[in-house]
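Engineer: Handing you this structure, nothing more for now.
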Amino acid sequence: MPDQLPPSPISPTIDLDAEGKQHGFLRLPYSRDDSAWGSVMIPICVVRNGKGPTALFTGGNHGDEYEGPVALFDLARTLEAKEVSGTVIIVPAFNYPAFRVATRTSPIDKGNLNRSFPGKPDGTVTQKIADFFQRNLLPRADLVIDIHSGGKTLDFVPFCAAHVLPDKAQEKKAFDGVAAFAAPYSMRMIEIDTVGMYDTAAEEMGKVFITTELGGGGTARASTVAVAKRGVRNALKHAGILSGAPDKAPTQWLDMPSGDCFHFSEADGLIETMVDLGAPVQAGQVLARIHPTSRTDLPAQEIKAKMSGILAARHFPGLVQMGDCAAVIAVLVD
Ligand code: ZN
C-alpha cells in the first residue's frame with residue numbers, strides 16, 4: 001500500500017495547490033557521468049482558480065509522438081487562470097528523457113513509461129516518473145487525458161478513445177468525454193497488453209480516462225494538431241472547467257471487437273501497403289505484402305484482413321520485422 005512505500009524522489013518546483021497559473025518542473029535527481037548532482041526536469045504547468053474539477057493532461061508518454069506536446073505546450077502558454085473553474089495540470093512531455101531524444105522509450109533505462117505503472121519510488125528513472133503520477137498526480141484528478149499518436153513506427157486515423165470498463169457509469173463518463181473531444185474518429189478501444197499502462201492505473205483508481213491516437217510516423221500534421229488543440233479545450237468545456245459548449249465536429253464511431261483487429265507480420269522484409277488509412281476493407285482482402293529482400297526469386301507474404309471494417313492503423317516505415325504490428329482494422333459503428 002502507498003503508506004509503506006518511501007516518498008517519491010520527485011519534487012515539484014511549484015506549489016501544486018496554489019491559486020493562479022504557475023510554470024515549473026517536476027525535478028527528479030539523476031546522478032550521472034556528465035552531471036554529478038544533476039536532475040531530470042519535467043516541465044509542468046498548473047492553472048488553478050477556486051473549487052471545481054481537476055483535469056490532468058499528458059503528452060509525450062512515448063517520446064516520438066507530437067500532437068500531444070504541441071497542443072499542450074500551446075495550452076500551457078495560452079490558458080489563463082481567470083478562464084478556469086477548477087484546476088488544469090499540464091505535462092506536455094511525460095517521459096521527458098525520451099521526448100528529448102525523440103524515442104519511444106527512455107534513453108536512460110529503456111523504460112516504456114506506458115508499461116511502467118504503478119512504478120517504483122526506488123526504481124529506474126522511468127519507474128520513478130510513473131510512481132510520482134500514480135501516488136501524487138492521478139489521485140488529484142477527476143479527468144485524465146493522455147494524448148498519443150503512432151510514433152515513428154505506426155500511423156493511425158485520428159481518433160479519441162476510451163476503454164470498455166466493468167464499471168458502466170465510469171465507462172459512460174469516459175465515452176461522453178470522447179464524444180466531447182470531437183476527433184474525426186471515436187474509438188471503443190482494446191489494448192494488446194494492458195499490464196503497466198497509465199490508462200489502467202487511472203481507470204483502476206476510478207478516474208475518467210480518455211486517450212487518443214492522432215496520427216504518427218514520428219511527426220505531427222497540421223490537421224492532427226488542430227484536432228488535438230480543439231480536443232483539449234473541448235474536454236475542459238465538457239468537464240465544466242472552461243465555460244461554453246464544446247466545439248462540435250463530425251465524428252465516426254469505431255469499435256475494436258476482438259484481438260482479430262490486430263495483424264502482425266510473420267516475416268522480415270519490405271512492406272507494400274495495399275490499403276491506405278481510413279479505406280474500407282473486406283475480410284480476406286490483402287492489407288499488405290511483405291517482400292523478402294535477400295534475393296529476387298522469393299515470393300511475397302500476404303497479410304489478409306481477418307475482419308471487415310476500415311484500416312485504422314498501419315506500420316509506418318518501409319521495412320518491417322517479423323512480429324511488427326502491420327495493420328489494425330476497426331469496425332464502423334452507426
Ligand atoms: Zn503512444
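Engineer: To check my understanding: the extent here is largest minus smallest coordinate of the Cα atoms along each principal axis. What are those three numbers for the stretch 11-255, in Å, largest first?
Structural biologist: 52, 41, 36
Engineer: Now for a separate question. Could you pull out the chymotrypsin sites (Phe, Trp or Tyr not before Pro) across the stretch 28-88 that fall in loop regions by DSSP (anything but H, G, I, E, B) with no more than 11 other Cβ atoms inside 10 Å?
Structural biologist: Sites meeting the loop and neighbour criteria: W37.
Engineer: Counting only heavy atoms of protein chains, what accessible area per residue, in Å², does the chain have with a probe of 1.4 Å?
Structural biologist: Counting only protein heavy atoms, the per-residue value for the chain is 44 Å².
Engineer: Can you give the relative contact order of the chain as a percent, counting alpha carbon pairs under 8 Å and 6+ residues apart?
Structural biologist: The value is 15 percent.
Engineer: Let me ask something additional. Could you rank the peptides 162-172, 227-237, 98-108, 137-147 by their average count of other C-beta atoms within 10 Å per residue, with the highest value first?
Structural biologist: By packing density, highest mean first, the sequence is 227-237, 137-147, 98-108, 162-172.
Engineer: Turning to a different aspect of this structure: With Cβ to Cβ distances under 11 Å as the rule, what net charge do the other residues near V232 carry (K, R +1; D, E -1)?
Structural biologist: +2
Engineer: Could you name the lysines whose alpha carbon sits less than 17 Å from that of K152, not counting residues in the same chain fewer than 8 places away?
Structural biologist: K110
Engineer: Any chance you could give the angle, 0 to 90 degrees and rounded to 10, that helix 222-238 forms with the longest Cα principal axis of the chain?
Structural biologist: The helix 222-238 is inclined about 50 degrees to the chain.
Engineer: Continuing with the same structure: In the chain, what percent of the accessible surface is made up of carbon and sulfur (1.4 Å probe, ligands and nucleic acids excluded)?
Structural biologist: Ligands and nucleic acids excluded, carbon and sulfur reach 53 percent.
Engineer: Which order, highest average first, do 187-193, 275-281, 207-213 follow once you tally other Cβ atoms within 10 Å for each residue and take the mean per peptide?
Structural biologist: Ranked by mean Cβ neighbours within 10 Å, highest first: 207-213, 187-193, 275-281.
Engineer: Under a point-charge model restricted to the Cβ atoms of Lys and Arg (+1) and Asp and Glu (-1), what is the dipole moment magnitude of the chain relative to its Cα centre, in debye to the nearest 20?
Structural biologist: Using only the charged Cβ atoms, the result is roughly 700 debye.
Engineer: Assuming 0.36 nm per residue, please report the length gained on full extension of the stretch V333 to R140 beyond their Cα-Cα distance.
Structural biologist: Extending this stretch completely gives an extra 66.1 nm.
The values are calculated or read from the model by the stated rules, or taken from the named source; none is laboratory data. Owing to the predicted nature of the structure, the values given are computational and were not obtained by experimental measurement. Here Cβ is always computed from backbone atoms with ideal geometry, including for glycine, and neighbour counts include all displayed protein chains. Heavy atoms of the whole protein, side chains included, go into the accessibility calculation; ligands, DNA and RNA do not. Shrake-Rupley method; radii C 1.70, N 1.55, O 1.52, S 1.80 Å.
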